[in-house]
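Reading through the structure tokens given below for one structure.
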Amino acid sequence: ESDPLINYGDNQVAKDAIARLADVAHLVGARGVIFYPYLVSDFGYLLGACKEYGISPIVENMDAARGKMSYHKIYRWAQDFEELAQNQDVGIALNLQHAYECDSSMRVIKGLVRMFKDRIRLVHVSGRTISHNHWPIHCSDDPERILDVLDRVPRDVPLITQGYLLHDFEITASEEIRYIKGERDRIPFIPEKQPVGASGRIQKDERRLTRG
């Protein structure tokens, strides 16, 4: 992902950063690099630099807290992405919890799914509780709306589970992956162990979710 402290416009710091990101992307065989769009002051420059360095730019929908450092739009709403979506070189990383924070009906992110269609590069998957954002879906407050969006995303798009792993993180991560895969395949979910509440020990982690 891009550095959140860099103004991605026509300046040497941004050029050097994009060059480093390209080196890493080529080294690991990444399909693209995620740029937080609210930190981009000149998309024309960014897209040109990505093309020069041979990397695919990916933008991500932002959460409700962004805005103080924004150079342009905050990129929470579907209409903020309309111009970018016209450029076929730009992909999107859908962040379901960011979308839920801004619009609990999830209409906005469904609009982004339609807008980008086959250019959805990955999905960050998490839910929320009354006191926590980025919470495992299988013990979140409103998993149905998150899962409804996932049903609209092509099955070959990578999913990234993102958020707090409760107490025994291996069990929580395993349960979360099994829950999401089971829901998408319409397999009833029976937890192996009751999830620990917010008072339990919390670790933050990200796990890649493979599909079966």
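The values are calculated or read from the model by the stated rules, or taken from the named source; none is laboratory data. Here the structure is a predicted model, which means the values were calculated and not measured. Ligands, DNA and RNA are stripped out before the accessible areas are found, and what is left, the full protein with its side chains, is counted by its heavy atoms. Shrake-Rupley method; radii C 1.70, N 1.55, O 1.52, S 1.80 Å.
Tabulated values for the structure
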| read-out | value |
| --- | --- |
| Segment R20-D156, length gained on full extension (0.36 nm per residue, minus Cα span) | 46.1 nm |
| Accessible area of region 5-62 belonging to carbon and sulfur atoms, whole % at 1.4 Å probe | 54 percent |
